[in-house]
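The values are calculated or read from the model by the stated rules, or taken from the named source; none is laboratory data. All values derive from a computational prediction rather than experimental measurement. Methodologically, a virtual Cβ is constructed for each residue, glycine included, from the backbone with ideal geometry; neighbour enumeration extends over all protein chains shown. These area figures cover heavy atoms from the full protein model, side chains too; ligands, DNA and RNA do not enter into them. Shrake-Rupley method; radii C 1.70, N 1.55, O 1.52, S 1.80 Å.
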Amino acid sequence: MNKILVVEDEFPILTLLKYNLEQAGFEVQTADDGVVGLEIALVQKFDVILLDIMLPSMLGTDICKNLRERKNYTPVLMLSALGEETDKLKGLDIGADDYMTKPFSPREVVAKVKAMIRRTEFSTLDASSQKKSNVNPNHKNGLTIGDVEVIPDLFEAYFRGNKMDLTKKEFELLLFLMRQPGVTFNREKLLKDVWNYDFAGDTRIVDVHISNLREKIESDTRNPKYIKTVRGFGYKMEVPLS
Ligand code: CA
């Protein structure tokens, strides 16, 4: 199923887009805030991303620029308000694939999204027939944060494109944290959800695993970029924004 991310802060428009895209058979994820939208777009793989321009905390155009700077080339459809940003958008090299001006009919948006997916599928076919890549860091169901990528289906994790040697629990812990970036978990919660402990276990096992993971994905384990310690509480996976 093709996955679409819609970042839009006007609730009626968001609801309308979500409904129509789902009716057309897409899996839809939504965000109503710019930074949150960017984080989701960086962590999960989507087939198309719809970005409103005027958003709280970060402009849609900046989200698009940011994605391209990070070599994320997911097709982006910008949604702009009439007269507001269209000209600017036309003239700016922000790396968006297409744009639509509000008000639009949901059917137009669905048609455009379908066309964008067809285009990507063709170009992916072209690319794969031309060069055979040995690793596939852009696996569809993979989660990526910075240099770290986890592919749950294959039970594989990569750091800077190199496959990591992780134990089953290290893998599960990394996957658990990556699925909810920015959320802090205490050790008891991690024991319960990753180790399936339903009793009070020794929480030091969590610390040991965190420390092992850091050895593998942090260039400076004393000043970690990805797995942060939240003092007096627990750990969280952070999406480095710069
Ligand atoms: Ca808006």
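With respect to the numbered conditions (1) assigned to a helix (DSSP H, G or I); (2) within 12 Å of the ligand (Cβ to nearest atom); (3) charged (D, E, K, R), which one is the sole condition not fulfilled by K18?
Evaluating K18 over (1) assigned to a helix (DSSP H, G or I); (2) within 12 Å of the ligand (Cβ to nearest atom); (3) charged (D, E, K, R) leaves (2) as the failure.
Here is a check on your reading of the model: is D9 of a type in the set (D, E), over 18 Å from D97 (Cα atoms) and within 15 Å of the ligand (Cβ to nearest atom)?
On the way: of a type in the set (D, E): yes; over 18 Å from D97 (Cα atoms): yes; within 15 Å of the ligand (Cβ to nearest atom): yes.
Judged against the criteria, D9 is a match.
Just to be sure I understand, how many residues within region 16-61 are farther than 22 Å from P103 by Cα, over 12 Å from the mean Cα position of the chain (by Cα) and open to solvent by 50 Å² or more (accessible area, probe 1.4 Å)?
Residues meeting the conditions: 2.
For region 30-48, which positions are of a type in the set (A, V, I, L, M, F, W, C) and over 22 Å from V183 (Cβ atoms)?
Within region 30-48, just V48 meets the criteria.
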